[in-house]
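Read the structure below first, then the notes.
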Amino acid sequence: MTNEMHDVIGIGIGPYNLGMAALLDQTDEVSGIFFEKTPEFNWHPGMLIEKMDLQVPFLADLTTFADPKSPYTFMNYLYEHNRMFPFFFHKHFKVPRQEYNHYMQWVARQIDGLYFGYTVVDVKDHSNAEEPHYEVMVEETATGTLSAYKAKHVVLGTGSEPVILEGMDGLPNEDVVHTSRYVFEKEQLLKAKDVTVVGSGQSALEVFLDLLEEQERTDMKLTLLTRSGGLFQLDQAKFAQEFFTPDYVDYFHGLSFEQRNKALDTLGPLRNGIDPETLSRLYTNLYHKTAANQDSNVLIQPMTEVKGIEGTEDGYNLLCTQWQEERSYSYPTGKVVLATGYKPHLPKWFIDRYKEKIEWEDEKSYRVTRDYQLVFQDRRDHHFFTLTNLLHSHGAGATNLGLAVHRNVHIINTIAGKEVYKNQQDTSFQTFSAKDFS
């Protein structure tokens, strides 16, 4: 074990913890190191589809909302890569996903204290030590060497893992592909006679659109089966977007657990809608493909839930239900792309060691403070922060890149015990909580 006591250790290096590292790099108030099991930074590499943009504006980078003068802003990335003028003339508020990934890789290469190829295998709680702290056990992937590090605080940023429909997890990877592997399997998918995309969100439409634009063989059939009532666009109205402000997070967190769950249901168009540009591009492609009465060889079927799969001589039958008609049927296909989303990834060691020590709001939702601390049954000053599984506690913005910097500001200021970075307030024109005006 190293004797150095770090202020914080981050577990996982995705955009959230990378953003925290970038902010810590520019202050002497808090020190930290971060560990990531993958050998290098790569953000959703299986979905880095060419010509697909990030769904939030470029200002939602790693540091701008907390420190626009930081050397790690996206604008400085453009400057350092001689892309300021092309970006200026492009006149587009959103950036390509591949460029955003390259930007984050550029930041990661500049920051000390980021350790790739190291898996955190346990975090021991030393509450009774003279100086209470956490002992973080780390295994080097290449050698299997175990090391231990001490920290006053820990930040869990282990992200999410793919959701696979029941009965499909044991099927060949080349036949049933989750979108997290789409780019790697795309070449094989394009050789198939039938490809069916299952899902209703942005990823489903991006994959379907990419296959459609690559669909050169006239005998290749593309299908989209979506459980939602239709291909509805994301609500990008100005006042709707204010539900992704710190003010609304404050309001949402103050509600009861039951009220928070009800509020999430009302925010469906903000959480699950599809980018209008993606829908427009899809419609334009379909229009051109059907010009002069041509058959597009495309089927888009909403209100359809896929409940199972059966193997056949030629491929598979998807067991479907059109839930509005309450009618079940089977649909033949050769390949399946699952755009079925993700669920929070909580390491086994975390559940084994801390499940009985922390408070839970239900069997899947742990209690989290406004500044992202897990609530322990015993009072403590050495905190365990989490950036994972926050939808129930912090609302629709829990996975929003635009609020990621705001989350990190809360955590850094809490660790430092003072305002290192400004905690922005009064950020919306709407007032969400009722006041006594008498």
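General observations
- Qualifying residue in segment 173-195 (condition: closer than 26 Å to Gly273 by Cβ, of a type in the set (Val, Ile, Thr) and not in a helix (DSSP H, G or I)): yes
- Just so you know, in segment 365-388 the residues that are in contact with a helix residue (DSSP H, G or I) (Cβ under 8 Å, 6 or more places away or on another chain) and of a type in the set (D, E, K, R) include one that is surrounded by the most Cβ atoms within 10 Å (Cβ to Cβ), and it is Asp371.
- Taken together, the residues in segment 14-40 that are surrounded by 20 or more Cβ atoms within 10 Å (Cβ to Cβ) and either of a type in the set (Phe, Trp, Tyr) or farther than 30 Å from Leu209 by Cβ (or both) amount to 13.
- The set of residues from segment 21-43 being touching a Ser or Thr at 6+ places or on another chain (Cβ under 8 Å) and more than 24 Å from Ala416 (Cα to Cα) comprises Lys37, Pro39.
- Within segment 295-317, if we keep just the residues that are surrounded by 16 or more Cβ atoms within 10 Å (Cβ to Cβ) and over 29 Å from the mean Cα position of the chain (by Cα), the residue that is nearest to Gly201 (Cα to Cα) turns out to be Val298.
- Flag for Lys51 being at pLDDT below 95 and either assigned to a loop (DSSP other than H, G, I, E, B) or of a type in the set (D, E, K, R) (or both): yes
- Residue that is surrounded by the most Cβ atoms within 10 Å (Cβ to Cβ), among those in segment 88-144 that are under 16 Å from Asn17 (Cβ atoms) and of a type in the set (S, T, N, Q): Asn101
- Among residues of segment 133-172 being free of Cβ contacts under 8 Å to residues at least 24 places away in the same chain and assigned to a strand (DSSP E or B), the one that is farthest from Val195 (Cα to Cα) is Met137.
- Per-region count, segment 325-349, residues free of Cβ contacts under 8 Å to residues at least 40 places away in the same chain and assigned to a loop (DSSP other than H, G, I, E, B): 2
- Condition check for Ala398: more than 28 Å from Asp265 (Cα to Cα) and not basic (Lys, Arg): no
- Hey, Leu267 crowded, with 18+ Cβ neighbours inside 10 Å, under 26 Å from Pro45 (Cβ atoms), outside the structural domain of Thr369 (by TED's automatic domain parsing) and of a type outside the set (Asp, Glu) or not: no
- Residue that is nearest to Ala204 (Cα to Cα), among those in segment 59-87 that are free of Cβ contacts under 8 Å to residues at least 40 places away in the same chain and buried (at least 19 other Cβ atoms within 10 Å of the Cβ): Phe74
- Taken over segment 373-404, residues that are in a loop (DSSP other than H, G, I, E, B), touching a residue at least 40 places away in the same chain (Cβ under 8 Å) and under 27 Å from Met137 (Cβ atoms) amount to 8.
The values are calculated or read from the model by the stated rules, or taken from the named source; none is laboratory data. In this text the structure is predicted, and so the values were computed from the model without any measurement. No Cβ is skipped: glycine too gets one built from the backbone with ideal geometry, and neighbour counts run over all protein chains shown.
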